[in-house]
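Working notes, structure below.
The values are calculated or read from the model by the stated rules, or taken from the named source; none is laboratory data. Computed from a predicted model, the values in this text were never measured in an experiment. Note that each Cβ is placed from the backbone with ideal geometry, even for glycine, and that neighbours are counted across all protein chains shown. The accessibility values were calculated without ligands, DNA or RNA, using every heavy atom of the protein model including side chains. Shrake-Rupley method; radii C 1.70, N 1.55, O 1.52, S 1.80 Å.
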Amino acid sequence: DAKRKGRNTWCWYQGDQQRITEEAVLLRHDLHKALLEEQFELYYQPIVEAVSGRVRGLEALIRWHHPERGMISPGVFIPLAEQTGQIIHLGRWILRRACQDAAALRAEGERVVPVAVNISSLQFLRDGFLADLQAALEDAGLPPGLLELEVTESVLLDGVDQAIELINGLKAIGVRVALDDFGTGFSSLSYLRDLPIHKVKLDRAFIQDIVTNRSNAAIVQGIITMAHHLDLVVVAEGIEESEQQQDLIRRGCDLLQGFYFARPMPRQALQALPDRLPVPPG
Ligand code: C2E
Ligand code: MG
Ligand code: MG
Ligand code: MG
């Protein structure tokens, strides 16, 4: 009986796995169409100076408006696009659109702050990335200083030397690089020393319970202190409450980002964004 039960359990998991796989196949197919039909949109989330709450940057975050399924999260479709290689095409579209949006914001003169774009390592490490990027900047008429790239440690896939060379190339043309999701994965602290990055983004996983979890607080404090000694700017992601904000200000974190200040929003909504966040109650 136990054996049968075991088999049933196994069958259930297999069925589930199959369903997930079929789902992925369908989505991949839709993704192809979505690229042709431009079902994507870039949303923007403000990044504020910790002590003043002034908006100092915007992170571009892709949204997929699926005609039947509604909004699909990038956490779902970006990994799929990476598996199929579609990320190259999609990533190029994202970069170009972000540059156009940033140039438009600059022309409006409202909020002239750098726009940060997430770049998949596959796109980043591909030959011709730097040329694509320069073309995107030129076509949009965007000064390179208003573009920032967010990459994760997986840019080290082809080795640290390759990553250093690429980031130095970007630095030479005036585009800054931030190391995203720092502290997750297999982060080595020496990457902060070796990579010619400008900024490090602390993952939300450490921020979530920073007020109550002394170990996470210690890690965050350690990274902030070390990053500052290395002349790096530190951003904390995923701030949802004022207690987290206060804690991170005390710890000397430079920039903050999270639902507490503002959710990612369509570009048009940025016009109504106040200079300082969060908006005081009342
Ligand atoms: P990420 O780059 O670390 O982006 C931060 C994610 O945290 C975003 O999720 C953002 O909406 C979410 N977030 C911001 N503040 C808060 C908060 O206070 N609480 C919570 N719970 N979440 C918060 P999103 O937009 O769903 O994106 C997820 C991930 O998908 C991104 O993580 C990034 O890795 C990837 N991604 C998003 N857009 C792009 C893109 O244009 N290109 C590439 N290659 N990847 C992208
Ligand atoms: Mg990011
Ligand atoms: Mg992140
Ligand atoms: Mg992430």
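Listing for the model above:
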{"quantity": "Candidates Asn168, Asn216 - the one that is away from ligand 4 (no atom under 16 Å from the Cβ) and without any contact (Cβ under 8 Å) to a residue 24 or more places away in the chain", "calculated": "Asn216"}
{"quantity": "Lone qualifier among Glu138, Glu110, Glu165 - being away from ligand 3 (no atom under 16 Å from the Cβ), at pLDDT below 95 and either over 20 Å from the mean Cα position of the chain (by Cα) or assigned to a strand (DSSP E or B) (or both)", "calculated": "Glu110"}
{"quantity": "Residue among Glu150, Glu165 that alone is exposed (fewer than 14 other Cβ atoms within 10 Å of the Cβ), among the acidic types (Asp, Glu) and either within 17 Å of Phe129 (Cα to Cα) or away from ligand 1 (no atom under 16 Å from the Cβ) (or both)", "calculated": "Glu165"}
{"quantity": "Among residues of segment 191-215, those that are under 30 Å from Pro281 (Cα atoms) and not charged (D, E, K, R), counted", "calculated": "9"}
{"quantity": "Which listed residue is assigned to a loop (DSSP other than H, G, I, E, B) and within 16 Å of ligand 2 (Cβ to nearest atom), from Gly238, Gly252", "calculated": "Gly238"}
{"quantity": "Residues within segment 247-268 that are open to solvent by 30 Å² or more (accessible area, probe 1.4 Å), more than 24 Å from Arg106 (Cα to Cα) and touching a residue at least 40 places away in the same chain (Cβ under 8 Å), tallied", "calculated": "1"}
{"quantity": "Residues located in segment 119-135, provided they are outside any helix (DSSP H, G or I), small (Gly, Ala, Ser) and surrounded by fewer than 21 Cβ atoms within 10 Å (Cβ to Cβ)", "calculated": "Gly128"}
{"quantity": "Residues of segment 76-118 satisfying the condition of being open to solvent by 60 Å² or more (accessible area, probe 1.4 Å), within 16 Å of ligand 4 (Cβ to nearest atom) and either under 14 Å from Glu38 (Cα atoms) or not β-branched (Val, Ile, Thr) (or both)", "calculated": "Glu82"}
